Amino acid sequence: MAENFEKKERYGYDDLIRVMEILRGPGGCPWDIEQTHGSIRKNFIEETYEVLEAIDSGDKTHLQEELGDVLLQVVFHARMEEEAGSFSMEDVCDGICKKLILRHPHIFGDVRADSAEQVLKNWDEIKKKEKSQKTAADTLRSVPKLLPALMRAEKVQHRAARAGFDYDGLAGAMGDLESECAELREAVDAGSAEEQAEELGDLLFAAVNVSRFLHADPEETLARATEKFIGRFCRVEELALERGIDMQGASLQELDVLWREAKKQH
C-alpha cells in the first residue's frame with residue numbers, strides 16, 4: 001500500500017487519513033495493526049494533558065506538535081471503526097458539524113443571543129433535548145464518571161446550582177466546609193476507616209464548592225498548590241544538605257524550622 005503514497009514537502013488532513021490507512025492495512029506496521037480502542041485508551045489522556053502543558057508554557061511550536069498527537073488519536077480510533085464497518089472519520093466530522101450548527105441557532109438559525117451567558121443557556125437547553133435529559137438529576141448523572149474527581153465534582157455542583165440547588169453565597173459554602181471538617185475530626189476520633197474516608201470525601205467535595213464561589217478552578221488551584229509544595233520541599237532539602245542535616249533522622253521541630261525558612265523564600 002505504501003508504494004502508492006506520494007511523499008510531499010507539506011501534508012494535509014487527507015494525507016493523515018491515508019497514512020493511518022496504510023499503517024493499519026495489509027503489510028502495515030505490526031504495532032499499529034495490533035492496537036485496539038482499549039490498548040491505546042490511556043494514550044489519549046496523556047496526549048491531551050501534554051496539550052494542556054503546551055498551552056500553559058506558551059510554546060506555540062510545542063502546542064502545534066501536541067495538537068497533532070491528539071488529532072492522531074482521533075484518526076486512529078476512527079480508523080478502527082471504519083475497518084469494522086461502523087463509521088469513518090468523515091462520519092465523525094459530519095456529526096460534529098451538525099452538532100455545532102444545531103447548538104448555534106443564533107448563528108445558523110433565527111434565535112437571538114446577545115451575550116455569552118445566553119449562548120450557554122441555549123446550548124444547555126438544546127443539549128438536554130438531544131440527550132433526552134428531562135430532569136436536573138439527568139444532567140448530573142450525565143457528567144462522565146472518568147473525569148478527574150475535582151473536575152467532576154465542580155461540574156456536578158454547577159449543574160445542581162443551575163437547577164436552584166445552591167447556597168446563597170460564599171458564607172454558606174464556607175460554613176459547610178467547616179461543618180465537614182468537624183465531622184471528619186469526629187470520624188477520626190471514633191469512626192471506622194470507611195467512615196473516615198467518607199467524611200474526607202465530603203470535606204473535599206465541600207472544598208470544591210468553596211472554590212466555585214471563589215471562581216477558582218479546583219484542578220488548577222490544587223495543581224498550583226502542588227507545584228508550590230514541590231518548590232518549598234526542594235528548598236528544604238537544599239537547606240538540609242547545606243547544614244549537614246539528615247532529613248530522615250531529623251526531628252519534626254528541625255524540619256519545621258527548615259520549612260518555615262523555605263516558605264519565606266518561596
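Taking the criterion of being among the small types (Gly, Ala, Ser) and either in contact (Cβ under 8 Å) with a residue 12 or more places away in the chain or part of a loop (DSSP other than H, G, I, E, B) (or both), the residues of segment 225-266 that qualify are Gly231, Ala240, Gly244, Gly249, Ala250, Ser251, Ala262. Scanning segment 156-179 for residues that are without any contact (Cβ under 8 Å) to a residue 24 or more places away in the chain, more than 28 Å from Pro144 (Cβ to Cβ) and open to solvent by less than 40 Å² (accessible area, probe 1.4 Å) yields a count of 1. Out of Arg224, Arg260, Arg243, one residue alone is open to solvent by 40 Å² or more (accessible area, probe 1.4 Å), at pLDDT below 95 and within 19 Å of Glu154 (Cβ to Cβ). It is Arg224.
Among the residues of segment 98-150, those identified as under 30 Å from Leu200 (Cα atoms) and open to solvent by 70 Å² or more (accessible area, probe 1.4 Å) are Arg141, Pro144, Lys145, Leu146, Ala149.
The values are calculated or read from the model by the stated rules, or taken from the named source; none is laboratory data. Fair warning: this is a prediction, and the values are worked out from it, not measured in the lab. Here the Cβ is made from the backbone with ideal geometry for all residues, glycine too, and neighbour counts use every protein chain on show. What goes into the accessible areas is simple: the full protein's heavy atoms, side chains included, and nothing from ligands, DNA or RNA. Shrake-Rupley method; radii C 1.70, N 1.55, O 1.52, S 1.80 Å.
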